[in-house]
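**Q** Quick one: the structure is below, questions incoming.
The values are calculated or read from the model by the stated rules, or taken from the named source; none is laboratory data. As the structure is a prediction and not an experimental result, all values here were calculated from the model. All Cβ positions, even for glycine, are placed from backbone atoms using ideal geometry, and neighbour counts span all protein chains on display.
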Amino acid sequence: MATFRRLEGDEVVQQATAIDHAFGSGAGPPSYDGPEDVRDRIAERWGLFEDGALVSTCALYDLRATLAGERRPVGGFAAFATPPEHRAADHGERLQREALRVFRDRGYPYAALWPNSIPYYRRSGWGLVHAETEYRFPADALPSANAEGAFERLTPDDYERLLPAHEEWAAGYELALDRSARWWRERTLDDDWIYCWTPTDSRCSSVEPGLTQLGRTPADAEVPAGYVVFRLPGESEDGSGATMVVDELVYRTEEARRQLLELVRRHAPQVDKVRWSAPEETRLVHDAVDPKAVTATVEPGAMGRIVDLEAAIECLPAERTPERPVTVDVDDPLLPANDATIRIEPGPDGPTCEPTDAEPDVELGVGLLSKLYVGTLAPSTAADRGLLAATDDAVADLDALFPERPVYLTDFF
């Protein structure tokens, strides 16, 4: 009989060893002196046990993210590893099912993960919800900007200074995370260089000691227009030169974007190239002084999954109400509660739904529905591409329920 539960004591060492085997460098078996020697995690450590043996493990995150236009609880699934001696069985599938049930019991309508194998998770009902652009370029390929306003170096403890810029930027993306203080310090800003940029505000005349050299006023100091977080790891192992890795570049205005890229450009004397991953776009290719020096590669991003079908539909806002009822048959290979036919009804406060035995207007898998739900593509687009079979009226109703919008899971976990 398999049991899924939180890990205790030396079990965290077993999990860490399994994770190192699955995702480590391959330099050799790691050794741990005990649980206190295992890196602390923000997430909860869970495992699937069979006859007392730990046969598969994962980490579960309690997250908050933009979902259906509001900040809502979202489950994060990570650190999924099964020791090789247990991989012949279906332990991984069972662990996923139990993890999703935990999220469902906690009232999470949706979950997300960063996949190491997209085909594997697709078979389990996850959908690829966004892509991202990885830019590689020499720093001097960026256009020069006139030095206006001021840059200031910050520390992880200054994260609150960055909140207005991040919240405004992240509001434009479905699944953008709401970061806790610990997340900011340990995940976003730890071991990185952090610079914010603030415009000069000529309306303020009084200047506190120490601010004059930065060219800013006290009011400016509280409201950065953007920030950049980057690493300077030094010479690369492959001998290709020093690489500056931009982990995050966030801006509230176009001027802030230009100034932050100017700060990156100023590193040209000390780095051979820059690597920056951003939401899917090609803008930098057009903006660069030498577009041919910029390589833009589109990479798959995160995957998402509906955890509770009825709860997900019923938390949609009122403006998403369809004009008429639509019956949808959903195929879910992991969660029987989602493997159902539901009737979605228009309502004054938003759509409602309930199980039905009626003939469906639409049939689709939970992976595609999970993509439609967050807005990765519109249902009409899915129908045009042959991914969705439905009547014209049903497609129109689904378009009302699931409009296309930008999706970007802002944090890796």
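**Q** If only one of G107, G127, G75 is modelled with pLDDT of 95 or more, at positive phi and under 23 Å from the mean Cα position of the chain (by Cα), which one is it?
**A** Within the list G107, G127, G75, the selection yields G107.
**Q** List the pairs whose first member sits in segment 315-328 and is outside the structural domain of T356 (by TED's automatic domain parsing), whose second member is β-branched (V, I, T), and whose Cβ atoms are under 6 Å apart, counting only residues at least 6 apart or on separate chains?
**A** Pairs that qualify, where the first residue is outside the structural domain of T356 (by TED's automatic domain parsing) and the partner is β-branched (V, I, T): there are none.
**Q** Any chance segment 105-117 includes a residue that's assigned to a helix (DSSP H, G or I) and over 30 Å from G172 (Cβ atoms)? Step through it out loud before you land on a result.
**A** So in segment 105-117, the residues assigned to a helix (DSSP H, G or I) come out as 105.
Now narrow it down to the ones that are over 30 Å from G172 (Cβ atoms): 105.
Yes, segment 105-117 contains a residue that is assigned to a helix (DSSP H, G or I) and over 30 Å from G172 (Cβ atoms).
**Q** For residues in segment 290-310 being out of contact with any helix residue (DSSP H, G or I) (no Cβ under 6 Å at 6 or more places or on another chain) and more than 20 Å from R405 (Cβ to Cβ), which is surrounded by the fewest Cβ atoms within 10 Å (Cβ to Cβ)?
**A** Across segment 290-310, the extreme among qualifying residues is K292.
**Q** Could you check E254 against (1) within 28 Å of V407 (Cα to Cα); (2) surrounded by 15 or more Cβ atoms within 10 Å (Cβ to Cβ) and say which number it fails?
**A** (2)
**Q** Can you find a residue in segment 122-138 that is over 30 Å from A296 (Cα atoms), out of contact with any strand residue (DSSP E or B) (no Cβ under 7 Å at 6 or more places or on another chain) and either among the polar types (S, T, N, Q) or not in a helix (DSSP H, G or I) (or both)?
**A** Pass one, segment 122-138, residues over 30 Å from A296 (Cα atoms): 124.
In the following step, the residues that additionally are out of contact with any strand residue (DSSP E or B) (no Cβ under 7 Å at 6 or more places or on another chain) were identified as 124.
Within this subset, residues satisfying the condition of being either among the polar types (S, T, N, Q) or not in a helix (DSSP H, G or I) (or both) are 124.
The answer is yes; a qualifying residue exists.
**Q** In addition: Being over 18 Å from R6 (Cα atoms) and surrounded by 21 or more Cβ atoms within 10 Å (Cβ to Cβ) is the filter here, so list the residues in segment 69-86 that pass it.
**A** Across segment 69-86, the qualifying residue is only V74.
**Q** Next up: Starting from segment 157-168, keep only residues that are closer than 14 Å to T188 by Cα, then list their pairs with residues that are surrounded by 14 or more Cβ atoms within 10 Å (Cβ to Cβ) and among the polar types (S, T, N, Q) whose Cβ atoms are within a distance under 9 Å, requiring at least 6 positions of separation or different chains.
**A** Matching pairs, first to second residue: Y159/T188; L162/T188; H166/T188; H166/T410.
**Q** What helices (runs of 4 or more DSSP H), lying completely within segment 357-413, carry at least 2 residues that are buried (at least 21 other Cβ atoms within 10 Å of the Cβ) and under 18 Å from the mean Cα position of the chain (by Cα)?
**A** Working: elements: 366-374, 379-384, 392-401.
Ranges flagged: 366-374.
**Q** Farther than 30 Å from E168 by Cβ, in contact (Cβ under 8 Å) with a residue 40 or more places away in the chain, touching a helix residue (DSSP H, G or I) at 6+ places or on another chain (Cβ under 8 Å) and not aliphatic (A, V, I, L, M): does that describe E11?
**A** Values: farther than 30 Å from E168 by Cβ: yes; in contact (Cβ under 8 Å) with a residue 40 or more places away in the chain: yes; touching a helix residue (DSSP H, G or I) at 6+ places or on another chain (Cβ under 8 Å): no; not aliphatic (A, V, I, L, M): yes.
Here the answer is no, as E11 does not meet what is asked.
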